[in-house]
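Reading through the structure tokens given below for one structure.
Just so you know, all these numbers are worked out from the coordinates, no wet-lab data involved. From a predicted model like this one, the values you see are computed outputs, not experimental measurements. Because the Cβ atoms are built from the backbone with ideal geometry, glycine has one as well, and the counts that use them run over all protein chains shown.
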Amino acid sequence: MDQQVFQVLYETHYKALLHYLLSLCGNLYDAEDLAHEAFLKYEKGLPSFRKDCSDYTMLCTIGRNLYLNRRRKDARVAPLEEDLPEQGSLEDQLSDKDQARRIHEILHELPEPYKEGFMLRVFGELEFKAIAKLFGKSESWAKMTYYRAKARITEKLEGAK
């Protein structure tokens with residue numbers, strides 16, 4: 001990629017990408033690191049990318065994948081804000097290691113796009129509008145995908161009692 005073209009791309013999308021990644025990770029240092037890494041991967045992989053989405057969408061997708069990979073590597077359990085089953089708050093359930101493990105097992109059994117939509121909403125704390133944009137779908141689709149995933153998780157948790 002021509003250096004001038006890359007510079008224009010960087011100047012055009014860096015702030016928006018940084019803001020998006022900051023909403024995912026909640027840490028400016030990590031968001032900056034992810035943004036730079038996303039631009040590097042974008043530049044290296046550009047010839048192999050499909051051109052059916054905008055540069056910004058592709059950068060967000062790369063950044064999101066980098067973030068999710070990091071989360072998996074860190075193997076940290078982030079508290080969920082939603083109350084899946086009626087057994088107290090989900091934070092209480094996640095503090096119970098067995099229950100937290102079960103929730104994550106169920107989550108990883110979910111098919112796409114339910115798994116990723118749920119993770120982006122709960123762990124990434126993204127708005128439905130942002131999730132919809134990442135998938136190239138409507139905001140209604142993002143909401144429905146999230147609520148279907150939530151229902152499946154709740155159903156499996158209640159069935160495991």
Amide H to amide H, which residues 5 or more places from Phe123 or on other chains are under 5 Å from it, using H placed in the peptide plane? none
Scalar couplings 3J(HN,Hα) for the range 14-26 by Karplus 6.51 cos²θ - 1.76 cosθ + 1.60 (θ = phi - 60°), nearest whole Hz, x for Gly and Pro, are 4, 4, 5, 5, 4, 4, 4, 5, 5, 5, 6, 9, x
For Glu139, what charge total do you get from the other residues with a beta carbon under 11 Å from its beta carbon, if Lys and Arg give +1 and Asp and Glu give -1? +3
Taking each pair of distinct Cα atoms in the range 90-159 once, what is the resulting Kirkwood hydrodynamic radius in Å? 12.4 Å
Of 110-118, 59-67, ordering from highest average Cβ density within 10 Å down gives 59-67, 110-118
Among the listed pairs Lys44/Lys156; Lys41/Lys156; Lys15/Lys137; Lys15/Lys129, those beyond 30 Å (Cα-Cα): Lys44/Lys156; Lys41/Lys156
Once both label points are put 7 Å beyond Cα along the C-beta direction, the Lys73-Lys143 separation in nm becomes 3.7 nm
